[in-house]
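Okay, structure first, notes after.
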Amino acid sequence: MGFGDLKSAAGLRVLNDFLADRSYIEGYVPSQADIAVFEAISAPPPADLFHALRWYNHIKSYEKQKASLPGVKKALGKYGPTDVEDTTGAATDSKDDDDIDLFGSDDEEESEEAKKLREERLAQYESKKSKKPAVVAKSSILLDVKPWDDETDMAKLEECVRSIQADGLVWGSSKLVPVGYGIKKLQIQCVVEDDKVGTDMLEERITAFEDYVQSMDVAAFNKI
Amino acid sequence: GVEELVLLEKLLGLPKGSKYGVRGERKVPVLQTNNGPGLTGIMTIAAYLVKQAKKEQLLGSTAEEKAIVQQWLEYRVTQVDVSSSKEDTRIILKDLNIHLEDKVYLAGNIFTLADILMYYGLHHVMVELTVQEKENYLNVSRWFNHIQHYPGVRQHLSNVVFIKNRLYTNAH
């Protein structure tokens with residue numbers, strides 16, 4: 001994820017594309033996500049990147065309320081299109097973390113002592129970071145699983161769906177919802193870790209139970 | 001007409017039970033008030049409801065905002081409601097697409113009655129658009145998708161789906 005380098009034209013183009021069909025960085029209301037990206041941009045985007053400019057001017061109008069907007073500011077690499085490589089390095093274990101730069105890596109003349117101190121602090125930071133559990137992106141998905149007809153054994157269908165196991169997938173509650181003509185669809189909740197489980201995979205595995213399942217739809221998809 | 005005014009009442013949090021009627025061939029909605037002949041016309045009734053609900057900010061705050069809200073309400077009634085042919089619709093969508101290029105809401109940065117009534121007025125149009133048309137009018141699609149997710153607006157109306165990944169690589 002991430003937009004690349006937002007101070008470069010290429011990064012701004014990614015942002016522009018991302019915002020072509022979105023009013024905000026995340027969801028449908030202004031949030032800390034927008035503030036985080038807004039603060040990373042040094043000046044209003046050029047007029048030819050008009051989606052980015054529209055968004056920029058809109059977020060600027062919320063300048064006074066920025067502290068009270070919902071959400072939590074995350075590293076820039078967490079926002080944006082999922083198919084863009086995260087080049088900010090904030091999310092990985094690379095040494096180019098913003099915090100580490102504070103410990104004087106810009107100094108040209110580093111005394112032995114200062115260097116040793118820095119190495120020590122680096123090691124401390126790394127160990128602290130590795131101990132902290134990573135915040136995992138999760139989503140709550142509501143699936144509609146439709147049977148062939150009203151004679152399909154819904155209990156067996158549910159069993160088949162729940163038998164699908166995957167790392168990062170947890171099944172939740174379910175209920176049977178009538179859709180007409182005596183047919184009922186299975187509406188089942190699940191919580192998935194975004195990195196590990198996708199709806200494509202779920203669809204493939206559920207529709208593999210061809211005897212019971214006619215089709216599957218995603219009824220609702222919410223980020224947790 | 002009347003249905004959207006009922007939806008608007010609910011969105012504004014007003015109590016149910018207002019008496020609506022229609023007048024004339026074009027079925028212009030009429031709201032019966034306690035005293036007097038009643039209010040006629042969508043714009044009039046909608047503005048009245050907003051004031052009843054004490055949500056005047058939906059009509060705009062500055063003089064310019066108020067004017068823009070009125071402008072789009074007028075557009076809704078004089079252009080959108082009378083459009084019947086595909087060509088008329090195309091012109092409207094093109095107009096809106098240009099206007100929304102640099103704005104999040106019709107009035108710029110604030111959500112107003114203009115967005116609400118334009119959403120209700122255009123819903124039947126957006127529902128029928130093909131994927132390519134929705135991509136063509138990218139700004140309208142973005143705006144429509146935003147408004148239909150605004151709490152309380154969509155209610156029982158169907159959710160129009162907008163695909164995130166663009167299938168047609170055309171110029172903006």
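The values are calculated or read from the model by the stated rules, or taken from the named source; none is laboratory data. Remember, it's a predicted structure, so these values are computed and weren't measured experimentally. Every residue, glycine among them, receives a Cβ derived from its backbone with ideal geometry; neighbour counts consider all protein chains shown. Only protein heavy atoms, including side chains, enter the accessible area calculation; ligands, DNA and RNA are left aside. Shrake-Rupley method; radii C 1.70, N 1.55, O 1.52, S 1.80 Å.
Observations
- Where A:Met216, A:Met201 fall by accessible area, highest first, once all protein chains stay in place (1.4 Å): A:Met201, A:Met216
- Here the label points at A:Asp83 and A:Trp148, each 7 Å from Cα along the C-beta direction, are separated by 3.7 nm in the simple model.
- Measuring against 20 Å, Cα to Cα, the residue pairs B:Lys16/B:Lys55; A:Lys7/A:Lys138; B:Lys66/B:Lys94 contain A:Lys7/A:Lys138; B:Lys66/B:Lys94 as the ones spanning a longer distance.
- Applying the Karplus relation 6.51 cos²θ - 1.76 cosθ + 1.60 with θ = phi - 60° to region B:143-158 yields 3J(HN,Hα) values of 4, 4, 4, 5, 5, 5, 8, 5, x, x, 7, 5, 6, 8, 5, 6 Hz, where x marks Gly and Pro.
- Computed accessible area, B:Arg76, all protein chains, 1.4 angstrom probe, square angstrom: 10 Å²
- Going by accessible surface with a 1.4 Å probe and the largest first, B:Phe144, A:Phe221 read A:Phe221, B:Phe144.
- For the chain pair A and B, buried accessible area totals roughly 1600 Å², probe 1.4 Å, rounded to the nearest 100.
- Prolate/oblate/rounded call for chain B, Cα gyration tensor, a/c under 1.5 rounded: prolate
- Ordering of A:43-50, B:117-124 by burial proxy (mean other Cβ atoms within 10 Å per residue, highest first): B:117-124, A:43-50
- Think of the protein assembly as shown as a dipole: +1 on every Lys or Arg Cβ, -1 on every Asp or Glu Cβ, centred on the Cα centre; then among B:Tyr105, A:Ser68, B:Leu157, B:Leu157 lies furthest on the positive end.
- Charge dipole (Cα centre; +1 on Lys/Arg Cβ, -1 on Asp/Glu Cβ; no other charges) of the protein assembly as shown amounts to roughly 2160 debye.
- Using C-alpha pairs below 8 Å separated by at least 6 residues, the relative contact order for chain B is 18 percent.
- Take the Cα of A:Ala137, step 7 Å toward its Cβ, do the same at A:Ser173, and the gap between the two points is 2.8 nm.
- Using the Cβ-Cβ distance between A:Asp211 and B:Ile163 with R0 = 45 Å, the FRET efficiency computed as 1/(1 + (r/R0)^6) comes to roughly 0.90.
- Summing Cβ point charges (Lys, Arg +1; Asp, Glu -1) relative to the Cα centre of region B:55-166 gives a dipole of roughly 380 debye.
- Average silhouette area of region A:151-194, convex hull of alpha-carbon atoms, in square nanometres: 3.4 nm²
- Ordered by 1.4 Å accessible area with all protein chains kept, A:Ser163, A:Ser31 run largest first as A:Ser163, A:Ser31.
- q = 0.15, 0.18, 0.32 Å⁻¹: log10 I(q)/I(0) that the Debye formula gives for region B:1-53, counting C-alpha atoms only: -0.35, -0.51, -1.49
- Computed with a 1.4 Å probe over protein heavy atoms only, the accessible area of A:Glu119 comes to about 100 Å².
- Full-extension gain in nm, A:Ala166 to A:Ala114, via 0.36 nm per residue minus C-alpha separation: 13.9 nm
- Rolling a 1.4 Å probe across the protein heavy atoms gives region A:9-78 an accessible surface of 45 Å² per residue.
- Reciprocal of mean inverse Cα separation for region A:138-223 (Kirkwood radius, Å): 12.9 Å
- Rounded to the nearest 0.05, the FRET efficiency derived from the C-beta distance between A:Val218 and B:Lys66 at R0 = 45 Å is 0.60.
- Shielded by partner chains, region B:84-126 residues - at least 40 Å² of accessible area, 1.4 Å probe, vs chain alone: B:Glu101, B:Val104, B:Asn109
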